[in-house]
Structures are given as structure tokens and as C-alpha cells.
Amino acid sequence: MAFNLIARDATLRTLLANYARRLQADGAAEDRTASCFVSLRWTVDERSCARGGSELLVLQVHAARDDSCPLAQLDRVLQRLRTALTTVGPNPCITARCLTTSGAVPDRRFGTVVRTSTWRIAPVPPRPETAAPTGPVPWPVWSEPDGSGLRALGVGVLSLN
């Protein structure tokens, strides 16, 4: 589901495709427009505080070192990723929480500057079932004898307190 949230953004989808093209070209950029790209890696969240079913999503955002403003480019892409993962619709099925984001470091393999962001992605916990409301329960009771000497069936309230 997290991938679908990211892929809905056309720019992020293009950046993911740029990464796939980079891998096919063994790290070399085919053209200048592919100099920025995003890679995703999933791992199991094995920390003791992790909710059941949670996973870690490691996002790496790359920008060309010779770009005029590579750090600003990285920041813009990270902000788009944050928006994509944290925008909540009417029926959310996951929660996304950014755990860490690194500073920019050079990546010699791709000739880029890269920032890494780690996210905890977890299913939304089910809503607890609410108990039926408690209160007095109507209960049939016998009233006092009426003028004819007969008891009449009525409705009263039985309190369990």
C-alpha cells in the first residue's frame, strides 16, 4: 500500500523509473533528466516496540553531485515522499512514521549525493469494538391490585445496581 501511495505522485513515479533505468545501465545515467532518482528497500521491523505487521521502508533519494542545487533537490523529493506517505484519506489502512533522515553523503557508485530516510509502515490497528450501552432494562412487573382486587401487568425498570 505504501508503494501505491508513492506511485500516485507522477514525479515520484518518474524518479522510481529513473532508478530502474540506472540499474539496467549499471549505474550510469542515460541522460541529464535521469540524474535524480529514488530507491526503496523493505525490511522487517524486528524492534521490540514494533506493532505487529510493521515494516521498515528505507528510501534513498539521489541527486547529481554536479547539479546546481543538489541539496535543495534532495529536500524537495523528501518532502514529496513525506506528503505521499502521510496524507490520510477517508479509510486509511496504514500508518507511516519517519524514524530517521540522514544528511547528504556522496555515493560513488552513481556519482550522486544521497539522503536516506527510514520509515515505519504499519497497518492501522483495528478499532476496538464498543460494548453495548449499559443502563436500566425494561422489565415486566406486576402492579399493586387495582380496585377490582386483580393485579395488572405493567412495565417497570429493573436496576441491577
Cα centroid separation, the range 106-129 to the range 74-93 (Å): 11
Cα gyration tensor category, rounded, prolate or oblate, for the range 2-123 with a/c compared to 1.5: prolate
Inter-label distance, nm, simple model (7 Å from Cα along the C-beta direction), residue 46/residue 79: 3.7
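Just so you know, all these numbers are worked out from the coordinates, no wet-lab data involved. What you are looking at is a predicted structure, and each value in this text was computed from that prediction instead of being measured. Because the Cβ atoms are built from the backbone with ideal geometry, glycine has one as well, and the counts that use them run over all protein chains shown.
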